[in-house]
Amino acid sequence: MDHLLLHPPFADPTQPYLSLPTLKGHLRALGLDARVVDVNLAAACWLLDPETIADVGRRLGARFSHLNGRYQLDLEEQREYLALAEARPKLERILGASPAPLDVFRTRERFFDAATYTHARRQVEDYFDALSAAHWPFRFGFNTASHGVAPWSFDLLERYEAERRSPLVSFYEEFLISAAEWDWDRPEGPPCDVSEAAFVGISIVFPSQVPEALCLARAVKRRAPQAFVALGGPAIHQVAIHLDDGRRRRLLEWCDGLGVFEGEATLAALLPRLDAWRNAPDPGARFALLCDVPNLMLAEPSGTATHTGPRWSLDLREAAMPDYSDLDLDAYLAPSRTLLYAPTRGCYWGQCSFCYYGLAETATASYREIPPERAASELGQLARRYGVRNVYLSCDVLSPKYALRLADALIEKGVKIRWSSDLKIEKYFTPERCARLFEAGLRSAAFGIESGSDRILDLMRKGCDRATMTAVNRAFHEAGVATEWMTFTDHPDETVEEALSTVAWIAEEEDAIDLFLVGQFGLEAGSHVAQDPARYGVRRVYHAAGDDLRLYALFDTARGPRSRDAQQRVDAAIGELAARWELHPYPWAGAISTHHTFLHFLEFGPRAFRSHFQRAPQAVHGPLPPPPVSHIAGLRERARFDLGRMAENERAFLSDYLPGALRAVARGRRGFGEPQSGPAAPLSVEDYDRAAALGPKLYRGD
């Protein structure tokens, strides 16, 4: 029977992700195997297929016509109507687009033409707006799957799946078809036959994958009731490891088991036992067979608790090379192949107060390295085996000494690759060492700069100051390495002046910064700030009532919230600065550490996002051309309601509702370490629906 490893939607479809090829390589080294299937890529291609786009158009047009024929709309219907009205021309622009976005992203000449690439990117972004309107009130994108206002609760996830609210329901029905049901006159073989699977593992790397991964798990279980269906991956690990047993039980209702921490030993121990597990006479016997599987979380037969097997982590000196052989590397949304490789795991520094990353309970996992000589050899083998020159070293961070040892090994072995990675700035990176890294193929490096205030950097426990970061960044840039700065504002206790100093610092160094991001601080459950909030000026930590997955912690600071005027000053400074670069969200060119970004650096040099797109400013930044006339009903129907009034009603409601819905009140569910009766924010689907029901109605002709 088959063992399958699935990468679910919604995530980056421009390159293969690393986790499942890594698990496959480990299993094959042990004489076991599993087939890797990139469901996310298949779903992206299905969504961008002209037939699917037309179906979305028909759904959008029909719903608009239905609401347009009403005499009265309540507030939620007004919000949906407005989204549908604004989405109609967006949908029409991609309907029958020539060249189609998929062709643009996969064709070198079109991909590197600024106007053509930008037009395709904007078409896809507009299409996701249309897809979201057609599946109101949910929002979708390559890194988004969410309710428009409220966080995911288990009840909302259950309704999402049971009511078939996912835009991928039809895709799963086609994609998971069995060989017996397949029309063999079609040119391609069955996409993913799970009907005879013994094991199906679904890897959840990003929070945006959670809803579809759960829907996919249910769809697989219906097709293959005999299979052991497991969830794993860093995103679901960080959810499960911090939940109480009641919520863990709710999560385990979606699967047979959940992999936490690292998965190599879990699969190696689990797969050989599955025949016995299927034939076990009762749940107690099944549990007894698997309770000692490392890092495997199970529901105990008692029905009240969960159990996790013994903790295990991999000695990277014993790591196997990742195996990408199941994946079509030319099918991704990019004009050339790339691979990901992880020569290290964990973080050698491991002290940043805000950081919670990867497969750990707090902070980051313990730091481990593949010997650099072996890593260089494996990179050479992967490059030859898969015809790849571009590599992303996908790890928490490379230690400076390891980065140089790896560079020396690559040069010595004659491995000709171009690579990028995340690095922590240290004084160790002298100009000579930066030049050595460039010689070894380093072409871009993303730095966790974080803040322009030395006081905040000390509070963050970064172990580096502004002057050192400035000097080392210049050394990398002068060596020819594209420098990418990751910064954020609103760390607890940060003043407005300190936030503005970060923006001003980027402006001062703009000639040596090739890409940047100014994000906003988010409190992570496993970070040191969450573990010791008072130390960082955090008065209390809580969650929204509907946030069952505990993905989005809320908090109050002793300093109090930033005023609206102060926030507008910060936002305006960021916007003015950002206008000098071509910046875009993940996974597009202009986002930090994406495949599309790296390809533009390779083609046009480190200043690509200060020069290449600026050569065609009107085509890149001007309005999109009017959409062609389509004949799908409802897409050109005249709106009978006042869209301006709707937009004002929506703005007034959300500006009034959200501040109160996100404020802690003395009821609801617990936050980190708080009692069950502790404070929570009211925000949930139920609370939102109650508030929206009291909103203003709009009548035709008003």
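Tabulated values for the structure
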| item | result |
| --- | --- |
| DSSP-assigned coil residues among trypsin sites (Lys or Arg not before Pro) in the range 567-615, each with at most 16 further Cβ atoms within 10 Å | 580, 607 |
| Pair residue 580, residue 497: separation of 7 Å Cα→Cβ label points (nm) | 2.3 nm |
| Rounded FRET efficiency, nearest 0.05, which uses the C-beta distance separating residue 532 from residue 507 and R0 of 41 Å | 0.75 |
| Ranked 411, 177, criterion: other C-beta atoms within 10 Å, fewest first | 411, 177 |
| Dipole moment magnitude, nearest 20 debye, the range 2-308 about Cα centre, only Lys, Arg, Asp, Glu C-beta charged | 360 debye |
| Gain on full stretching of the segment that runs from residue 607 to residue 647 - 0.36 nm per residue minus C-alpha separation | 10.4 nm |
| More than 19 Å apart - percent of Cα-Cα pairs taken over the range 401-482 | 37 percent |
| Residue 439/residue 144 FRET efficiency (R0 35 Å; Cβ-Cβ; nearest 0.05) | 0.35 |
| Approximate shape of the chain as ellipsoid semi-axes (Cα gyration tensor, √5λ), whole Å, largest first | 36, 33, 29 |
| Rounded to whole Å, sorted largest first: equivalent-ellipsoid semi-axes of the range 107-246, Cα gyration tensor | 28, 24, 16 |
| Exposure proxy ranking, count of Cβ atoms within 10 Å, fewest first, for 195, 420, 655, 208 | 655, 195, 208, 420 |
| FRET efficiency, 1/(1 + (r/R0)^6) with R0 45 Å, evaluated for residue 662 and residue 35 via beta carbons | 0.55 |
| The range 210-282: GluC sites (Glu not before Pro) in DSSP loop, at most 15 other beta carbons within 10 Å | 253 |
| Stretch in the chain that is longest and holds no chymotrypsin sites (Phe, Trp or Tyr not before Pro) that DSSP places in a loop and that have at most 10 other beta carbons within 10 Å | 185-702 |
| Whole-Å distance, taken between Cα centres, linking the range 437-507 and the range 226-249 | 35 Å |
| The range 629-668-the range 14-28 distance, computed between alpha-carbon centres (Å) | 42 Å |
| Computed log₁₀ I(q)/I(0) - Debye formula, equal Cα scatterers, no solvent, the range 2-308, q 0.09, 0.15 Å⁻¹ | -0.51, -1.22 |
| Loop-located trypsin sites (Lys or Arg not before Pro) in the range 221-321, at most 12 other Cβ atoms within 10 Å (DSSP) | 311 |
| Residues 344, 116 arranged by fewest to most Cβ contacts within 10 Å | 116, 344 |
| Estimated [θ] at 222 nm from DSSP helical runs (n ≥ 4, -39500 (n - 2.57)) normalised by residues in the chain, nearest 500 | -12500 deg cm²/dmol |
| Lysines whose Cα lies under 21 Å from that of residue 413, excluding same-chain neighbours fewer than 8 positions away | 401 |
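None of the figures in this text is laboratory data; all of them are computed from the coordinates on show. Given the structure is predicted, the values throughout are model-derived calculations rather than measurements. We place every Cβ from the backbone using ideal geometry, glycine too, and count neighbours over all the protein chains shown.
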